[in-house]
1. Kindly establish whether Ala29 is at pLDDT 95 or above and among the hydrophobic types (A, V, I, L, M, F, W, C).
2. May I ask you to list the residues in the range 50-95 that are surrounded by 11 or more Cβ atoms within 10 Å (Cβ to Cβ) and outside any helix (DSSP H, G or I)?
3. Counting just the residues of the range 1-24 that are exposed (fewer than 15 other Cβ atoms within 10 Å of the Cβ) and among the aliphatic types (A, V, I, L, M), which one comes out nearest to Ile78 (Cα to Cα)?
4. Write out, first by first residue and then by second, each pair whose Cβ atoms fall under 7 Å of each other, whose residues are 6+ apart or on separate chains, and whose first residue, in the range 69-81, is more than 19 Å from Trp59 (Cα to Cα) while the second is assigned to a helix (DSSP H, G or I).
Amino acid sequence: MNLLRSDAYSGGAWVAAGNGGRFTVRNPATGEELAQVADLDAADAQKAIAHAADASHGWRSRTAKERATLMRTWFELIMANQEDLARIMTAEQGKPLAEKASSRARSCPSAA
């Protein structure tokens, strides 16, 4: 699971909780510990909201073509990493891998 991160993404960077807190994410089917992730509090959430508001200004200033190019790149990254994404999702949700594969296909139809 190369894409799995244990910190929160905020303000263009992976950040730990301000208070250093972490919590355990377990596979609900097996009880296996998957990761210790950042346990953000209200102050962390307020910072993330401020970062998102700042980022929205830059997004709005882009042309439709620029936004479409970025969205297409995001789609291509999802498709290129769908196996890793499926493994992360199945582990955290405790669902069979085949079930996640079918839901991925429905949520990311080909934009050819």
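The values are calculated or read from the model by the stated rules, or taken from the named source; none is laboratory data. Given the structure is predicted, the values throughout are model-derived calculations rather than measurements. Quick reminder, even Gly has a Cβ in these numbers, built from the backbone with ideal geometry, and neighbours come from all protein chains shown.
1. no
2. Of everything in the range 50-95, those that are surrounded by 11 or more Cβ atoms within 10 Å (Cβ to Cβ) and outside any helix (DSSP H, G or I) turn out to be Arg62, Asn81, Gly94, Lys95.
3. Applying the filter and picking the extreme gives Leu3.
4. Filtered contacts from the range 69-81: Ile78/Leu85.
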